[in-house]
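The values are calculated or read from the model by the stated rules, or taken from the named source; none is laboratory data. Only a predicted model underlies this, so the values are computations on that prediction, with no experimental measurement involved. Glycine gets a Cβ as well: all are built from the backbone with ideal geometry, and neighbour counts include every protein chain shown.
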Amino acid sequence: MTKQYEVTKSDEEWKVELDPTEFAVLRLAGTERPWTGELLEERRTGVYRCRACGNELFRSDTKFDAHCGWPSFYSPLAGDRVELLEDRSHGMVRTEVRCARCGSHLGHVFDDAPQTPTGDRYCMNSVSLTFEPLDD
């Protein structure tokens, strides 16, 4: 049985809204190349949202430089903003992170960040996110 999300669209509808790279990552669980994402070096105060549906996912105060090539956060805004699924692709066992509102693939979470308050590294694809700066 497929989970029903608040925002549900057909592949054809997503393809109209997303460019080919966004579709490949968000809807087909692809991965952008490391060190290429436009949000990797983003340092302003703001909010990171799901590119597909606008769901608020992360705040800039949880972003940290994990030296892994992708924007990394130690915690989502709230636990119900993302869903975590076991991912056994590519001969590994990882934890996939999806948007809880539309089911889009965001990246993976790893428990390898002891320098953070949670110990977690939410390793996200820039192409899966939008950034909304907040006025200081």
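For region 108-136, taking the residues that are assigned to a strand (DSSP E or B) and free of Cβ contacts under 8 Å to residues at least 24 places away in the same chain, the one that is surrounded by the most Cβ atoms within 10 Å (Cβ to Cβ) is identified as His108. I'd like to know if region 37-45 contains one or more residues that are surrounded by fewer than 12 Cβ atoms within 10 Å (Cβ to Cβ) and either free of Cβ contacts under 8 Å to residues at least 24 places away in the same chain or assigned to a strand (DSSP E or B) (or both). Yes, because at least one residue in region 37-45 is surrounded by fewer than 12 Cβ atoms within 10 Å (Cβ to Cβ) and either free of Cβ contacts under 8 Å to residues at least 24 places away in the same chain or assigned to a strand (DSSP E or B) (or both). The set of residues in region 69-102 that are part of a loop (DSSP other than H, G, I, E, B) and at pLDDT 95 or above comprises Gly69, Trp70, Pro71, Tyr74, Ser75, Pro76, Ala100, Arg101, Cys102. In region 85-107, the residues that are farther than 12 Å from Ala52 by Cα reach residues that are not in a strand (DSSP E or B) with C-beta atoms within less than 6 angstrom, at least six apart or across chains, in these pairs: Gly107/Asn125.
Summed over region 60-94, the residues that are under 12 Å from the mean Cα position of the chain (by Cα) and β-branched (Val, Ile, Thr) give a count of 1.
Checked against the criteria, Thr130 counts as out of contact with any Ser or Thr (no Cβ under 8 Å at 6 or more places or on another chain) and modelled with pLDDT of 95 or more.
If the condition is being under 20 Å from Ser89 (Cβ atoms), part of a loop (DSSP other than H, G, I, E, B) and either among the hydroxyl-bearing types (Ser, Thr, Tyr) or free of Cβ contacts under 8 Å to residues at least 60 places away in the same chain (or both), then region 1-29 contributes only Thr2.
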